[in-house]
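Read the structure below first, then the notes.
The values are calculated or read from the model by the stated rules, or taken from the named source; none is laboratory data. Worth saying up front: this structure is predicted, and the values here are computed from it rather than measured. We place every Cβ from the backbone using ideal geometry, glycine too, and count neighbours over all the protein chains shown.
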Ligand SMILES: Nc1ncnc2c1ncn2[C@@H]1O[C@H](COP(=O)(O)OP(=O)(O)OP(=O)(O)O)[C@@H](O)[C@H]1O
Ligand SMILES: [Mg+2]
């Protein structure tokens, strides 16, 4: 590996460079933000880090890839966004269903028994780590499972025998079309869809939490679980709803991610999950608007960082940023709250 | 610490020292957002006193403890302990200075034994270093033996004989409250702050607690007591401060407080509750 | 006097058979411990059937088992005693290994026994550097921050030429031994040579062809490395016991139980958390140092994946967090089972993941309290003894 000097010129040398790193960062930041919602909702209500949320996302990406294989076969094709749209929508539905199902399963198996027993947080976190591992590994071993049940032939497009841990790609790669330039960055239709879809989902969720009966129940539980329960809020339901929403958002994030990246793998969730969590903490965990802000800031900052330090240091930039934020402002940029209340 | 005797023997110089101010709150104000939990509160506690802090629920008594022990910082005003301004001091340093407390909602180290709980308190003044402990050097051994002896003595004093090696979680509720007192006493406090130590006690237990509090005072410890049970408070304290909505509404001897119309007004509802 | 008091502490820590052991007269204890030690040291030479791995050298496996047990012991201080969930422990393991590699071959040529303490100091300092800012943040944030730390270390060694980048560092020298270097296959090195056993079914045969050199370290035979690291493990074990039964151990436990209450009882919790963190780091670094200079003498960034961190946590939690013997057993199992059952190796992460969740869910208190349940029992026994006479009690304890 080459060692390179710090290259501030790459970022600040020209307005074009600067804008292109910023715009690229925003697109990724939107995906982080969507995943971050899952962490932030669960933390707001349960004060738990749902460590396995990364796997909820990862299963969503596979749901997207498999939908493409199912509807398209494996022949590699390039399509424009418009051509791929029907399949993408089907994939979105599939991903949201799969991710939500995994999230609910997690809640039921890894969390609820512990919450019932009032177990310490550390135990819940360990349970979540275990579940995260098991889920990621199960995906990594899918070729084995298929061969156990003798379906490896039928399923070979989905499991790629013997290569289950490798990168698994969409057969359709979506060709982005440049629409206009910001600085030197050609903003594509895919970028815009990712950014606006993410924003729209967040606004919808924000309104849902603020304005609906369910949202009130969530906020009430986040504020004071005991009083909420006394006032007739069914806390198990609220927790389920929280996981469901987190799962749906992760499914949407998975679809956008696959649009932009086009491939996934069994451990794809891990690093994205950590970053999304970072985004949640940065914005103020438990705070929905904070998740959006944190995601965008993180996406942009790490892109800037990789311009200056080199792209291999991108993840390091993200982690260092997390540590700095925790030190300077442990409750995040916008403070910690779900809805209005302090969690 | 080689010197374990002073507070185990009655302090004969008590009379002479009485009057020295141990704790002084001056215009202490503490706000939580919009709520003023302590509003311009001032009082002094003198050495050797048993001092009562009373008031209806939510009056700010526990908050006052929390401000004294460094859990919350005052919005304005000062707290002086034995001449030291406590502003900005770390919680464990305040304990080391000689202020110890118990908790309204019991906070023991549940998976440690009763004895170990008290030993944690006793460790405050231990000078044993990591290496002395690792290599079992003489200072470790003497300190450990002394702390152990002291801890056992304190446990017996508060009335937990024979259950020293029981896990704190397995002790009865009353024993847990008493264990909190023993743990606080192990830090060799000059000022012992008890937050509703008699909550949930039956009359016989309350009587024993009163005796214990007097015994502690006779050992030279100044006691600050938060309590809702009027009989107990009136029976054991020398002076009382009454809080209501974070404000000091009265101060005086138990007899004066009993007859104070403001206090009676503040307490009307609470008295009834107590009687039931 | 004080010895007695520490004995009572220890007694509380023991399992059922441990109580019997504690009741035995001293000479019996000495003999039992000695026999056990000899057995443990001789294990890779005895090569007992069933236990012995077939497809991979048993000595190598045993070395790894002890290396993991050492790591588990270190992490147990952090997680089990102080209650700090450190998910980036592999970072310290890597720092220990890389410090050793850099000092002994890559940039300098220090002997191993100088590099080892240096590695320990370096990891301890890195523990303090990481811990000082992060141990103040909320407990569950710490997990994520340490996770990030583990990744940072891996990415760093992957990208920095100075530590070999992705190619890693090879030819890390072995520890300096006494006597000639072993000369395989007829090992003649060391102070003397010890033959090992060969089993024909259940019939032992002394195998004079494969001898292990005593106190000499070569590239063929893992047993001398096993002896070396086992010795360090035992030393750490003793130290761990001393510290646990002292004000330091009490402070850790109190901090883990209720940090605010501990602070208000005069425990400088931050200082003790940092101490636990740095100690754990140092022990991890020590294990990494042994790993770097073991037989193969080669490390690269792939040797330190984040998964290893998770395995380490699994080790401690599965073994029984806060219980040093449980941690050691966990470490041993985590290193041993996949080697003994190679077909199983692919599934081990899945199995560990499931085991973690199942353990947490079925026995949320069970991860911590096997020891405490035992302790409660021991307490009952003591109460019984106490009822026979309080004076007697006072004498034995004071
Ligand atoms: N951390 C906090 N944040 C916000 N408000 C608080 C906090 N702690 C206490 N309060 C509020 O301050 C007021 C005083 O509370 P405090 O616990 O001191 O009352 P108290 O006199 O001890 O009552 P009780 O007799 O019920 O124990 C209450 O209204 C309480 O709700
Ligand atoms: Mg109170």
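On the basis of being within 16 Å of ligand 2 (Cβ to nearest atom) and within 14 Å of another protein chain (Cβ to nearest Cβ), does residue B:195 make the cut?
It is true that residue B:195 is within 16 Å of ligand 2 (Cβ to nearest atom) and within 14 Å of another protein chain (Cβ to nearest Cβ).
Each row is one residue, and each column tells you yes or no for (1) touching a helix residue (DSSP H, G or I) at 6+ places or on another chain (Cβ under 6 Å); (2) over 24 Å from residue A:159 (Cα atoms).
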| site | (1), (2) |
| --- | --- |
| A:66 | yes, no |
| A:78 | no, no |
| A:83 | no, yes |
| A:90 | yes, no |
| A:96 | yes, no |
| A:99 | yes, no |
| A:108 | no, yes |
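Within the set B:237, B:253, the sole residue that is surrounded by 15 or more Cβ atoms within 10 Å (Cβ to Cβ) and away from ligand 2 (no atom under 16 Å from the Cβ) turns out to be B:237.
Quick check, is residue B:34 within 16 Å of ligand 1 (Cβ to nearest atom), over 19 Å from the mean Cα position of the chain (by Cα) and at pLDDT below 90? Judged against the criteria, residue B:34 is a match. Residue B:172 - would you say it is more than 30 Å from residue B:246 (Cβ to Cβ) and at the interface with another protein chain (Cβ under 7 Å from one of its Cβ atoms)? Against the criterion (more than 30 Å from residue B:246 (Cβ to Cβ) and at the interface with another protein chain (Cβ under 7 Å from one of its Cβ atoms)), residue B:172 does not qualify.
Filtering segment C:354-367 down to residues that are assigned to a loop (DSSP other than H, G, I, E, B) and within 7 Å of another protein chain (Cβ to nearest Cβ), which residue is modelled with the lowest pLDDT?
Among residues in segment C:354-367 that are assigned to a loop (DSSP other than H, G, I, E, B) and within 7 Å of another protein chain (Cβ to nearest Cβ), the one modelled with the lowest pLDDT is C:367.
Looking at residue B:216 and the list (1) part of a helix (DSSP H, G or I); (2) within 14 Å of ligand 1 (Cβ to nearest atom), which single condition is not satisfied? For residue B:216, the failing item is (2). Among the residues of segment B:60-69, those that are near ligand 2 (Cβ under 10 Å from one of its atoms) and within 14 Å of chain C (Cβ to nearest Cβ) comprise B:62, B:65, B:66.
Residue B:38 fulfils the conditions (1) crowded, with 22+ Cβ neighbours inside 10 Å; (2) within 14 Å of chain C (Cβ to nearest Cβ); (3) touching a helix residue (DSSP H, G or I) at 6+ places or on another chain (Cβ under 8 Å) except for a single criterion, (2). Yes or no: residue C:313 free of Cβ contacts under 8 Å to residues at least 24 places away in the same chain and in a helix (DSSP H, G or I)? The answer is no for residue C:313. Kindly establish whether residue B:93 is away from ligand 1 (no atom under 16 Å from the Cβ) and either within 14 Å of chain C (Cβ to nearest Cβ) or within 21 Å of residue B:213 (Cα to Cα) (or both). Considered against the rule, which asks whether it is away from ligand 1 (no atom under 16 Å from the Cβ) and either within 14 Å of chain C (Cβ to nearest Cβ) or within 21 Å of residue B:213 (Cα to Cα) (or both), residue B:93 comes out as yes. Quick check, is residue B:57 away from every other protein chain (no Cβ under 14 Å), closer than 20 Å to residue B:227 by Cα, surrounded by fewer than 20 Cβ atoms within 10 Å (Cβ to Cβ) and away from ligand 2 (no atom under 16 Å from the Cβ)? In short, no. Scanning segment B:54-85 for residues that are more than 23 Å from residue B:237 (Cβ to Cβ), assigned to a loop (DSSP other than H, G, I, E, B) and away from ligand 1 (no atom under 13 Å from the Cβ) gives B:70, B:74, B:83. If I filter segment C:131-143 for residues that are closer than 25 Å to residue C:293 by Cα and either assigned to a helix (DSSP H, G or I) or within 14 Å of chain A (Cβ to nearest Cβ) (or both), do I get at least one hit? No: zero hits. In the set C:125, C:153, C:120, only one residue is within 14 Å of chain A (Cβ to nearest Cβ) and outside any loop (DSSP other than H, G, I, E, B); that residue is C:153. The set of residues in segment B:107-145 being more than 7 Å from every other protein chain (Cβ to nearest Cβ), in contact with a helix residue (DSSP H, G or I) (Cβ under 6 Å, 6 or more places away or on another chain) and surrounded by fewer than 18 Cβ atoms within 10 Å (Cβ to Cβ) consists of B:139 alone. Residue A:187 fulfils the conditions (1) within 23 Å of the chain's Cα centre (by Cα); (2) part of a helix (DSSP H, G or I); (3) crowded, with 17+ Cβ neighbours inside 10 Å except for a single criterion, (2).
Could you say which residue among B:103, B:32 is surrounded by fewer than 19 Cβ atoms within 10 Å (Cβ to Cβ) and either within 16 Å of ligand 2 (Cβ to nearest atom) or not assigned by TED's automatic domain parsing to the domain that holds residue B:239 (or both)?
Result: B:32 is the single residue among B:103, B:32 that is surrounded by fewer than 19 Cβ atoms within 10 Å (Cβ to Cβ) and either within 16 Å of ligand 2 (Cβ to nearest atom) or not assigned by TED's automatic domain parsing to the domain that holds residue B:239 (or both).
If the condition is being facing chain C (nearest Cβ under 8 Å) and surrounded by fewer than 21 Cβ atoms within 10 Å (Cβ to Cβ), then segment A:117-139 contributes A:117, A:119, A:120, A:121, A:138.
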